[in-house]
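Everything on this sheet refers to the single structure shown next.
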Amino acid sequence: MKTLLNKLLESQTLSHSEAFELMHGIAGNKLNEAQIAAVLTSFIIRSISLEELTGFRRALLDLAIKPELNNADVIDLCGTGGDGKNTFNISTLSAFVVAGAGVPVAKHGNYGVSSNSGSSNVMEHFGYRFSNDEDKLKRELDKCGICFLHAPLFHPALKAAGPVRKQLGLKSFFNILGPLVNPAEPAYQASGVFNLETGRIYSYLLQNESRGFVVVHSLDGYDEISLTDNTRVFSPQGESILTAADLGLPPNRHEDLYGGESVEQAAGIFISVLRNEASRPRRNAVVANSAVAIKCYKSDLSLMEAVQMAEESIDSGRALKTFSKLTELQ
């Protein structure tokens, strides 16, 4: 382990096998908190290479507890976070809208590190009990069309690094890994990334796995479709630009997406969207991200048909009902 740490501290790039070994070391508690902090800091100073990312990812999936959910015929909606925008929980809300539209969702998430409220924070606030029990997750998916996978319960390395990540309070390569290591290994993936370089790495990795995927990055820095600027989209069809007009929606302002200063404030915004009581810009951001995910799963739909399905999920109360059923099952 010390040899690998020294390579990182000397700004040398790890090979695929070295990255794999290092992640196993983190998961096996062979590194103390100071050493884990050194690893994280080294990748804050420089970008992670494709070899390193694939090695880390392979190790995480190799070590993961892997629930078998619907023969992997599910979609995950997960962003990297780390964009510094402090938005409300758009991808988590979109997961319930998508599930309300009849698309099965296995949502991967974690506590916020560089934001006030990650997906796990808000789910925990509403009484969701995190579990890696396959029967519980299957029951939720069967009855509600959605289940939630709290990352540290499935990934030993994420659990080991969690306290250090929280203390640092900065985005790290674990942010990049998050959407790539859903332990259910879903056949469909809708991901948001905090920069274009990461988007292209995601596209390369997911293309090679023949998944149904869409990766989005708003050009003004959001790891989701913000509607505050155009969005770069990566999919099996290549790269494209998506505008608010393409979705039949008006542009947003940055302040429209503010997520509050506490989990309680984030939860208030969260439930207001599901109750269809939120501001139009907040609703539109959720509709936009939901629509792109629905189209990822149902490729035969037009984008506008997917937008209509997302809006109907909110308007009909099905998104709220999905959320209520899931929390009531706890």
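Each value in this text was obtained by applying a stated rule to the coordinates, not by laboratory testing. What you see is a predicted model; the values in this text were computed from it and never measured. Virtual Cβ from ideal backbone geometry, glycine too; neighbours counted across all protein chains shown.
Expressed as an acute angle from 0 to 90° and rounded to the nearest 10, what is the orientation of the C-alpha long axis of helix 280-297 relative to the principal long axis of the chain?
The answer is roughly 70 degrees.
Which whole-Hz ³J(HN,Hα) couplings does the range 99-106 yield from phi under the Karplus relation 6.51 cos²θ - 1.76 cosθ + 1.60, θ = phi - 60°, glycine and proline marked x?
After applying 6.51 cos²θ - 1.76 cosθ + 1.60, I find 4, x, 8, x, 9, x, 10, 10 Hz.
Where both residues lie in the chain, what percent of DSSP beta bridges are antiparallel, nearest 5? Walk me through the intermediate numbers first.
Details: 10 of 26 bridges.
Counting DSSP beta bridges with both partners in the chain, the antiparallel share is about 40 percent.
Say R0 is 45 Å: what FRET efficiency, to the nearest 0.05, do SER15 and PHE126 get from their beta-carbon distance? Walk me through the numbers before you get to the answer.
On the way: r = 43 Å, r/R0 = 0.96.
Calculated value: 0.55.
Quick check on the range 1-150: what does the Kirkwood estimate of hydrodynamic radius come out to from the alpha carbon pairs, in Å? Don't skip to the end; give the middle numbers.
Details: mean 1/r = 0.0577 Å⁻¹.
In the range 1-150 this quantity evaluates to 17.3 Å.
With the crude spin-label approximation of a point 7 Å out along Cα→Cβ, what separation in nm comes out for GLU312 versus GLN167?
Simple spin-label model gives 5.2 nm for this pair.
Give me, ordered by chain and number, the residues 5 or more places off VAL105 or on other chains with an amide H under 5 Å from its own placed amide H.
Residues meeting the amide H criterion: ILE75, ILE146, CYS147.
How far is helix 303-315 tilted, in degrees, relative to the longest principal axis of the Cα atoms in the chain, given as a value from 0 to 90 rounded to the nearest 10?
Taking Cα atoms only, the helix is inclined about 80 degrees.
Taking springs between alpha-carbon atoms closer than 10 angstrom, which of SER313, SER262, SER203 fluctuates most in the Gaussian network model of the chain?
Among SER313, SER262, SER203, the largest mean-square fluctuation in the Gaussian network model of the chain belongs to SER262.
For the modelled label position 7 Å from the Cα of SER324 along Cα-to-Cβ, which residues of the range 270-312 have backbone nitrogen atoms closer than 18 Å?
Flagged as within label range: 270-278, 312.
Relative to the present Cα-Cα distance, how much length would full extension add between ASN208 and ASP62 at 0.36 nm per residue of separation? Before the final figure, lay out the partial values.
Details: separation 146, 0.36 × 146 = 52.56 nm, distance 1.81 nm.
So the chain would gain 50.8 nm between ASN208 and ASP62.
Given points 7 Å out from each Cα along the Cα-Cβ axis, report the LYS143 to ASN116 separation in nanometres with one decimal.
Inter-label distance under the simple model: 3.3 nm.
How would LYS166, LYS7 line up from fewest to most surrounding beta-carbon atoms within 10 angstrom? All intermediate terms of the calculation are to be shown ahead of the outcome.
Numbers: LYS166 12, LYS7 16.
Starting with the residue having the fewest Cβ neighbours, the order is LYS166, LYS7.
What's the exposure ranking of HIS108, HIS24, HIS150, going from fewest to most Cβ atoms within 10 Å?
Details: HIS108 25, HIS24 18, HIS150 22.
The most exposed by this proxy come first: HIS24, HIS150, HIS108.
In whole angstrom, and with the biggest value first, how far do the Cα coordinates of the range 2-63 range along each principal axis?
27, 25, 18
Compute the length gained on full extension between LYS136 and SER47: take 0.36 nm times their separation in residues and subtract their Cα-Cα distance, giving the result in nm to one decimal. Each step should come with its number before you reach the end.
Details: separation 89, 0.36 × 89 = 32.04 nm, distance 3.82 nm.
Stretched out fully, the LYS136 to SER47 stretch lengthens by 28.2 nm.
Can you give the extra length, in nm with one decimal, that the chain gains between THR243 and SER302 once fully stretched, where that is 0.36 nm per residue apart less the Cα-Cα distance?
On the way: separation 59, 0.36 × 59 = 21.24 nm, distance 1.51 nm.
Residue separation times 0.36 nm, minus the Cα-Cα distance, leaves 19.7 nm.
Cα centroids of the range 267-325 and the range 146-212: how far apart, whole angstrom?
23 Å
Under 1.5 on a/c is rounded, so check that first for the range 166-259, then, if it is not, pick prolate when a/b is larger than b/c and oblate when it is not; a ≥ b ≥ c are the square roots of the alpha carbon gyration tensor eigenvalues. All intermediate terms of the calculation are to be shown ahead of the outcome.
Numbers: a/c = 2.06, a/b = 1.18, b/c = 1.75.
Note, shape of the range 166-259 comes out oblate.
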